[in-house]
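**Q** Sending over a structure as structure tokens; questions will come in a sec.
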Amino acid sequence: MDLLYFVLASYGLTQILAYGTILAKVRPTTGFFGELFQCSMCLGFWVGVLLYGISFYTELFIFELNWANPILLGGLSSGTSYALSMLFGDEGINVKRN
């Protein structure tokens, strides 16, 4: 259950950071950080690492302290944030028909 909560939290936080209108005025648009905030896969990785870092302060999910977990959880967050952002959009489920 910890992984499900982690995936949902990372997807939600990635979406808010990348697309939330409340952050539009402070979100970087150029340079390295501008590119980072335009890519849900890239931003998702760092959100996963951040969530790992704060996991000791929450009871929602707790992961063991070691060197591999931030990398693995960053990858999990990156992949699922990208997949879910491709699957769901503002209009609902994205379906492409030929």
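**Q** If you average the sequence gap of Cα pairs under 8 Å that are 6 or more apart and divide by the length of the chain, what percent do you get for the contact order?
**A** For the chain, the relative contact order is 33 percent.
**Q** What ranking, highest mean first, results for peptides 28-39, 11-22 when packing means the other Cβ atoms within 10 Å averaged over each residue?
**A** So the order, starting with the most tightly packed, is 11-22, 28-39.
**Q** Can you send over the carbon and sulfur percentage of the accessible area for the chain, probe radius 1.4 Å, protein chains only? Let's see the in-between values first.
**A** On the way: 4640 of 6920 Å².
Its accessible area is 67 percent carbon and sulfur atoms.
**Q** If the viscosity is 0.692 mPa s and the temperature 37 °C, what Stokes-Einstein diffusion coefficient in µm²/s follows for the chain when Rh is the Kirkwood radius over Cα pairs? Walk me through the numbers on the way to the answer.
**A** Values: Rh = 14.1 Å.
Rounded to a whole number, D works out at 233 µm²/s.
**Q** Can you tell me the dipole magnitude for the chain around its Cα centre, using point charges on the Cβ only (Lys, Arg +1; Asp, Glu -1), in Debye to the nearest 20?
**A** That gives a dipole near 340 debye.
**Q** While we're here: Distance between the C-alpha centers of the range 1-25 and the range 41-98? Whole Å please.
**A** 8
The values are calculated or read from the model by the stated rules, or taken from the named source; none is laboratory data. For clarity, every value in this text was computed on a predicted model and none was experimentally measured. FYI the Cβ positions are ideal-geometry reconstructions off the backbone, even for glycines, and counts take in every protein chain you see. Heavy atoms of the whole protein, side chains included, go into the accessibility calculation; ligands, DNA and RNA do not. Shrake-Rupley method; radii C 1.70, N 1.55, O 1.52, S 1.80 Å.
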